[in-house]
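The values are calculated or read from the model by the stated rules, or taken from the named source; none is laboratory data. Model, not experiment: these values are computed from the prediction. With ideal geometry, Cβ positions are generated from the backbone for all residues, glycine too; neighbour counts draw on all protein chains shown. Ligands, DNA and RNA are stripped out before the accessible areas are found, and what is left, the full protein with its side chains, is counted by its heavy atoms. Shrake-Rupley method; radii C 1.70, N 1.55, O 1.52, S 1.80 Å.
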Amino acid sequence: MSLRRSEPVVHVLTMDGLDFRMVRSSHPAAQRTFLLVHGIGMSHRYLRRLHDELALAHSVISIDLPGFGGLRRPSRDLDVRAMAGALATLLDREAVTDAVAVGHSMGSQWVVELAVQRPDLVTHVVAVGPVADDHHRTAFAQARALALDVVGETPRANWQVLSDYVRCGIPWYLRQLRHMVAYPIEERVGLLTRPLLVLRGAQDPIAGLSWCRRLRDAAPDAAVIEVPRGWHVVQDRAPRAVAGAMEAFLSAHTLPSPGKSPR
């Protein structure tokens, strides 16, 4: 298989008054499509190294959700379920099916909810550094853990986080933070009909090991993998290790029978 990848193609799309940015890399011999979704306040930029690693052998789509990455802020509020529904509509429009849905931090909530609502669009779910720990589910606890994480991240990762937070803006960040803290991901993973990988950096103070194990145990078909020496933004520090962990999980967990969307 050729290791040559095409340059990503970037589109901004508007649907129902919501702006999305899609960064798409196609591979002529791709066996899978990976969908990468950022976390709260962020954009596709801190997923770029993982995007490029996966694009060596697969088709990859990185998404900037409405209000993030400098996109126009929605005039209406969007909780986790509404945002996942809007993402599903985008995937329908772009004829994206059978994707490995990968979300980082709050992105893990959006991809879990996407797979619960529309399992026909997803083959596997990967929650990288998932939030929010049900033993520490307050805005203050999340902010404290984030402050601890800054110490271990690379200067590049810290700059990406800071600059994307500025582009997002405080009002939209705070509206989404409320939804992030309220979303019961440990309950929603129990409704998954697709295999779930919970992946964390071994030093991540935001997504602790005991929390990740509780998520694994709450899902019908799930595993936990740790990346040594990784922190919360593990996909930027160690994109090859993260990609390798996902590949190993996908090989070990075959696609189950198609599920039905819960009512």
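Can you name every residue in the stretch 234-256 that is among the β-branched types (Val, Ile, Thr) and over 18 Å from the mean Cα position of the chain (by Cα)? Within the stretch 234-256, just Thr254 meets the criteria.
The selection criterion, being acidic (Asp, Glu), touching a strand residue (DSSP E or B) at 6+ places or on another chain (Cβ under 8 Å), touching a residue at least 40 places away in the same chain (Cβ under 8 Å) and crowded, with 23+ Cβ neighbours inside 10 Å, does not hold for Asp19. Examine the stretch 246-256 for a residue that is part of a loop (DSSP other than H, G, I, E, B), touching a helix residue (DSSP H, G or I) at 6+ places or on another chain (Cβ under 8 Å) and either open to solvent by 70 Å² or more (accessible area, probe 1.4 Å) or over 15 Å from Gly103 (Cβ atoms) (or both), and state whether such a residue exists. The answer is no, given that none of the residues of the stretch 246-256 is part of a loop (DSSP other than H, G, I, E, B), touching a helix residue (DSSP H, G or I) at 6+ places or on another chain (Cβ under 8 Å) and either open to solvent by 70 Å² or more (accessible area, probe 1.4 Å) or over 15 Å from Gly103 (Cβ atoms) (or both). Checking Trp172, Trp211, Trp231 one by one, the residue that is part of a loop (DSSP other than H, G, I, E, B) and within 19 Å of the chain's Cα centre (by Cα) is Trp231 and no other. Looking at Ala88, is it over 22 Å from Asp16 (Cα atoms), in contact (Cβ under 8 Å) with a residue 12 or more places away in the chain and touching a Leu at 6+ places or on another chain (Cβ under 7 Å)? It is false that Ala88 is over 22 Å from Asp16 (Cα atoms), in contact (Cβ under 8 Å) with a residue 12 or more places away in the chain and touching a Leu at 6+ places or on another chain (Cβ under 7 Å).
Please work out if Arg32 is open to solvent by 10 Å² or more (accessible area, probe 1.4 Å) and modelled with pLDDT of 95 or more. The answer is no for Arg32. Restricting the search to the stretch 89-137, which residues are among the polar types (S, T, N, Q) and closer than 16 Å to Asp204 by Cα? Passing the criteria: Ser105, Ser108. Does at least one position in the stretch 167-174 carry a residue that is farther than 23 Å from Pro74 by Cα, open to solvent by 50 Å² or more (accessible area, probe 1.4 Å) and touching a residue at least 12 places away in the same chain (Cβ under 8 Å)? Taking every residue of the stretch 167-174 in turn, none turns out to be farther than 23 Å from Pro74 by Cα, open to solvent by 50 Å² or more (accessible area, probe 1.4 Å) and touching a residue at least 12 places away in the same chain (Cβ under 8 Å).
So for the stretch 191-207 (the condition being over 16 Å from the mean Cα position of the chain (by Cα), β-branched (Val, Ile, Thr) and surrounded by fewer than 22 Cβ atoms within 10 Å (Cβ to Cβ)), does at least one residue qualify? Within the stretch 191-207, one or more residues are over 16 Å from the mean Cα position of the chain (by Cα), β-branched (Val, Ile, Thr) and surrounded by fewer than 22 Cβ atoms within 10 Å (Cβ to Cβ).
Only one of the listed residues (Val166, Val161) is part of a helix (DSSP H, G or I) and under 18 Å from Leu36 (Cα atoms). That residue is Val161. Pairs are defined by a Cβ separation below 7 Å, a sequence spacing of at least 6 or placement on different chains, a first member in the stretch 188-200 that is free of Cβ contacts under 8 Å to residues at least 60 places away in the same chain, and a second member that is open to solvent by 20 Å² or more (accessible area, probe 1.4 Å); the pairs so defined are Gly190/Ala218. Across the stretch 37-63, the qualifying residues are those that are of a type in the set (Gly, Ala, Ser) and open to solvent by less than 20 Å² (accessible area, probe 1.4 Å), and the one among them that is farthest from the chain's Cα centre (by Cα) is Ala55. Taking the criterion of being open to solvent by less than 10 Å² (accessible area, probe 1.4 Å) and more than 19 Å from Ser43 (Cα to Cα), the residues of the stretch 78-112 that qualify are Val96, Ala99. So, Arg188, is that one over 18 Å from the mean Cα position of the chain (by Cα) and either surrounded by 15 or more Cβ atoms within 10 Å (Cβ to Cβ) or modelled with pLDDT of 95 or more (or both) or not? So Arg188 does not fit the description; no. Evaluation of Ser25 against the conditions (1) under 19 Å from Val100 (Cβ atoms); (2) open to solvent by less than 10 Å² (accessible area, probe 1.4 Å); (3) under 13 Å from the mean Cα position of the chain (by Cα); (4) of a type outside the set (A, V, I, L, M) shows that the sole unmet condition is (3).
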